[in-house]
Each structure stands twice: as C-alpha cells, then as structure tokens.
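Worksheet for the structure shown next.
The values are calculated or read from the model by the stated rules, or taken from the named source; none is laboratory data. All values derive from a computational prediction rather than experimental measurement. FYI the Cβ positions are ideal-geometry reconstructions off the backbone, even for glycines, and counts take in every protein chain you see.
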Amino acid sequence: MTGSPQPRTVLFDHDGGVDDLLSLMMLLSMPHIDLAGVVVTPADCFLRPAVSATQKILRLFNRLDIEVSRGDLHGVHSFPRAWRMHAYAIDAFPILNEIRPGQSDLTTANIDPEPGHLFLARKLREAAQPVTVLITGPVSNLAAALVAEPELAAKIEEVVWMGGALDVTGNVRDYEHDGSAEWNAYWDPPSAYNLWQTEVPITIFPLDATNHVSVTMDFLQRLAQLRRYPVADLAGQCWAITVGVIPSYEYVYHMWDTLTTGYLGAPQHISFRDVRTVVAPNGPNAGQTQVVSTGGKLIKAAQSVDVEPFLRYLLELFKQ
C-alpha cells in the first residue's frame, strides 16, 4: 500500500448491501482507522440479517468491542426487494459462521439499544475530537441527529457519503420519477435536503465517479488467487453473489461503497472537484443532487479514479 494516511476516528453508517459489508471489512483492515461505532440502516437490506452479518464480520476480526446500532428510521421510497436480499446470503456464509478458537457465539452485548440517529448523536456528543462520518447508505440518521442538535456539526471533521449523480444519469427507475437521482439519495430525499442545510463539510462519491469502477470477472479472478487470506476469501464470496443476479436496465455491479471507503485509505487514486449543489426534497426529481452556479452548498465531489492502482490497493488491503 502506498503512503501513510493520517489517523481518523470514524463512525460508520451502512445499509447492509454487499458493498456496505465489504466496506466494513475494509475499515477493519485499515490500521489508521479507529472505528468508533456502526449503524445499520434498513434501506438496501433487511435489518435482521444485515445486523447479524455485521456482528459476524466484527467477530471475524475479533472486534466485538465495537458497538452496533439498529436504525429505526424509514425512507420515502423502498429499495427493490431483490437487492435487499443479499444480506441473508452473506449472513449464512460458512466463513462467518465458523467459531474459531477464542471466539464465542454472538450475543447482544455489543448491540446498543439506542436507534441509529440517537446513537450517532451520542457518539458525536462524546467525541473528544472531530470525527469522520462515513455513510454508504441514506443519510437519514445523521440528518435527524443534526436537525435535533445542530451544535453537533462542530464535532464532525468530514461527512463522506456514497450518494448523488451530478453530470450523469441517476440509477433510479421508478414510477413518476425522471431518473435523475441516485438510490441512496432517493430513499429519503428530505433527509438529504436537510443535511445540505447544515454547515458540515461533505465529500460525496456520486455515480460520476463510481461508474468508473465495476466489479469484473478479471478482478474476481485476481482476488481468487488470494483465497489463502480469510478476508480476501470472504470478499470474493461477497462479490460473487452479485454476478448476473439482477438483469434489469443494463445492470452492472459497481464498487459504489468500496470506492467511497477506499478514499479513507488511498485518496491519492481519486480526483475531486469543489462544486455547489442542491438536493431536491420531493417531486419528479426527488433526491436529485444538482450542480448550481450560485447558491447551494459547496461540497467536494469525487470525479475520476485511477482504476488499476485502486484495485491493487484493494487486493493488498484484503491480504489478512
């Protein structure tokens, strides 16, 4: 791996998809990341298996000391059920259900009873230094926390979000929608709108950037050569269940969340631009993250990726 990233304390809010759980594995593999807590949002997943898979990944890394919170906020538009099923398969993987020496059956000991938005608020309130909030699903929990306690914005160093589509077509295909939005924004457009009204620094990974990094059979074959490493083996199994399972509208599985998470470890492979944007809270373009010439919120947006160096970074990171 190239360079020495600066240490970060990270709160991670994910919504249980394949690349969300891969992102958790990435964070746990990054030595400079202090993972202070995890929230599971019931968006691109069914909550029970997504929470269970999250716990099992933490157990694989011997990190059941990290608290997990269940989100209880629900968006305006539901993700397709076929996408939400993936957590069931990952939760059943043998590698996650093998109890290794020194490990035990899962308990609720690291499950925090607070719902996601209250959990995030408490963690921010208690933080000694500003933290990074990494969100690979909708932003509902953080937006709710900041609406209730605006002063918590001072505790956030950076919000890193996989969301939006700026100069490319969105990936939403839904009734009475114009197709301009990306799904993480479309699930709960009012919350994305509310987050944009805050003062927190936001870095987004829109489809403009993630469309450059697809999960190819060539990459999976390279990953297969690393099966002797348990984390690489698990990563290969996770990505394998995405191959050819959803044939709708020229479906290609991209590294949406894994690219976003990779920014915390290998930002040198990604280029950015500063841009003013607004988010549509409702209407036929609900969730659209639109570039504007004046006004709006100034954010940092990922623009392009040096794909091969980034893939090599991933392969090296998973050698555990």
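Within region 201-221, residues that are of a type in the set (D, E, K, R) have Cβ atoms under 9 Å from residues that are not in a strand (DSSP E or B) in these pairs: Asp208/Gly164; Asp208/Ala165; Asp208/Leu166; Asp208/Asp167; Asp208/Val168, counting only partners at least 6 apart in sequence or on another chain.
Among the residues making up region 285-307, those that are under 18 Å from the mean Cα position of the chain (by Cα) and either closer than 17 Å to Trp256 by Cβ or assigned to a loop (DSSP other than H, G, I, E, B) (or both) are Gly287, Thr289, Ala301, Ala302, Gln303, Val305.
In region 270-284, is there at least one residue being modelled with pLDDT of 95 or more, in a loop (DSSP other than H, G, I, E, B) and crowded, with 16+ Cβ neighbours inside 10 Å? Yes - at least one qualifying residue is present in region 270-284. Would it be correct to say that Leu234 is closer than 19 Å to His14 by Cα, outside any strand (DSSP E or B) and in contact with a Lys or Arg (Cβ under 9 Å, 6 or more places away or on another chain)? No; evaluated as a whole, the condition is false for this residue. Residues being farther than 13 Å from Leu226 by Cα and surrounded by 15 or more Cβ atoms within 10 Å (Cβ to Cβ): count how many of those fall in region 304-318. Qualifying residue count for the region: 6. Test Asp44 against the stated conditions and say whether it is more than 23 Å from Pro130 (Cβ to Cβ), acidic (Asp, Glu) and crowded, with 24+ Cβ neighbours inside 10 Å. So Asp44 passes the test. Evaluating Glu316 against the criteria (1) more than 20 Å from Gly164 (Cβ to Cβ); (2) touching a helix residue (DSSP H, G or I) at 6+ places or on another chain (Cβ under 8 Å) leaves one unmet condition, (2). If only residues of region 47-79 that are among the small types (Gly, Ala, Ser) and farther than 20 Å from Thr9 by Cα are counted, the one that is surrounded by the fewest Cβ atoms within 10 Å (Cβ to Cβ) is Ser78.
When residues in region 91-112 are screened for being touching a residue at least 60 places away in the same chain (Cβ under 8 Å) and outside any loop (DSSP other than H, G, I, E, B), 4 of them pass. Taking region 116-146 as the search range and keeping residues that are among the β-branched types (Val, Ile, Thr) and part of a loop (DSSP other than H, G, I, E, B), which one is farthest from Met25 (Cα to Cα)? Looking at the filtered set, the residue picked out is Val139.
When the residues of region 147-193 are narrowed to those that are aliphatic (A, V, I, L, M) and part of a loop (DSSP other than H, G, I, E, B), which ends up nearest to Ala280 (Cα to Cα)?
The qualifying residue nearest to Ala280 (Cα to Cα) is Ala181.
Pairing residues of region 1-20 that are over 23 Å from His254 (Cβ atoms) and modelled with pLDDT of 95 or more with residues that are of a type in the set (Val, Ile, Thr) and not in a loop (DSSP other than H, G, I, E, B), at Cβ distances under 6 Å and at least 6 apart in sequence or on separate chains, gives Arg8/Ile33; Arg8/Thr132; Thr9/Val131; Leu11/Val131; Leu11/Val133. In summary, Gly164 fulfils each of the numbered conditions (1) free of Cβ contacts under 8 Å to residues at least 60 places away in the same chain; (2) at positive phi with the single exception of condition (1).
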